[in-house]
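For reference, the structure discussed in these notes is given below.
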């Protein structure tokens, strides 16, 4: 389709559709409060220790979220000092898993360890050529597919162990 | 991601994943029989009369299905004489709603009346520039979005009425 609308707008449209579909009466100010939650998500308990353990390598966020969503989420959790770069797809106005997005990291694919909770995202990075680590927090079964992650961990604080020593 | 696997393989992978996820014991021959159903879907009751009413205009199928799935579905319902073309995305190895697919019709977008049951497909055709008719068989609410179909019908036999006289 190749029509980009940023993730903030997509998220709000989805929320409005969901409440209408479920016939939930909501005021605009309630919807605004719910949208506000996307600016202040709680980091997983082990996020800080996971980032500490990875400090020796430059870390980047590469996300479908809008720049405002990412900046706000990182800052509200006080994690901004850990990241060399926070990259939103908004820069090129298309979404992962397009290879144009993984290219934004400006590294040879093999130099990246791509970590994701989303299997589709891990598959996109793998198709781009990155080693990938799937954080399978819920213990979901892997979908049988042409792709398998190089590493699978249950929590973020196990990611550092997958790096070459 | 830009990795194409044809719709037959995607469908089979989805079926195998679904039965595993739902812990349904199935034999390979049962799975093969289920896959066979995709080669012989029943046309909607009004399909033939809808196609009769549209006979004055050249009709084409433009589908994400694999060539074998499309040919078999059309033939098993005895509808092949109605179509000037049956086009599978397999020709260019990507899926709708990529604009590359709508371009396969080889017509100026404005010359096409694109009919779909899928709102995402109608939106893709609209983004390409086609007038679109959404066949909203289930009476679903339209998702609020940047796109609205030019026509909405409840059944295929109402499509002909939307054509200019």
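Here, each number is a calculation from the coordinates, and none is a lab measurement. Being a predicted model, the structure only gives us computed values, none of them experimental. Neighbour counts run over all protein chains shown; Cβ positions are idealised from the backbone, glycine included.
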task = Name the single residue, out of those in the range B:122-163 being within 25 Å of residue A:23 (Cα to Cα), surrounded by fewer than 21 Cβ atoms within 10 Å (Cβ to Cβ) and more than 13 Å from chain A (Cβ to nearest Cβ), that is farthest from the chain's Cα centre (by Cα).
result = B:148
query = Does residue A:35 qualify as being closer than 30 Å to residue B:140 by Cβ, touching a strand residue (DSSP E or B) at 6+ places or on another chain (Cβ under 9 Å) and not in a loop (DSSP other than H, G, I, E, B)?
reply = no
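Here's the yes/no breakdown for (1) within 20 Å of residue B:159 (Cβ to Cβ); (2) part of a helix (DSSP H, G or I); (3) without any contact (Cβ under 8 Å) to a residue 60 or more places away in the chain; (4) more than 12 Å from the chain's Cα centre (by Cα):
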{"position": "B:61", "(1), (2), (3), (4)": "yes, no, yes, no"}
{"position": "B:81", "(1), (2), (3), (4)": "yes, yes, yes, yes"}
{"position": "B:90", "(1), (2), (3), (4)": "no, yes, no, yes"}
{"position": "B:103", "(1), (2), (3), (4)": "no, yes, yes, yes"}
{"position": "B:115", "(1), (2), (3), (4)": "yes, no, yes, no"}
query = Assuming residue B:52 fulfils every condition listed in (1) out of contact with any helix residue (DSSP H, G or I) (no Cβ under 6 Å at 6 or more places or on another chain); (2) in a helix (DSSP H, G or I); (3) surrounded by 13 or more Cβ atoms within 10 Å (Cβ to Cβ) apart from one, which condition is it?
reply = (3)
Condition broken by residue A:15, with the remaining ones in (1) touching a strand residue (DSSP E or B) at 6+ places or on another chain (Cβ under 6 Å); (2) farther than 23 Å from residue A:163 by Cβ satisfied = (1)
message = With the requirement that a residue be over 30 Å from residue A:92 (Cβ atoms), part of a helix (DSSP H, G or I) and more than 10 Å from chain B (Cβ to nearest Cβ), what does the range A:7-31 give you?
response = A:19, A:28, A:29, A:30
inquiry  = Any residue at all in the range A:141-162 that's farther than 30 Å from residue B:7 by Cβ, in a loop (DSSP other than H, G, I, E, B) and in contact (Cβ under 8 Å) with a residue 60 or more places away in the chain?
reply    = yes
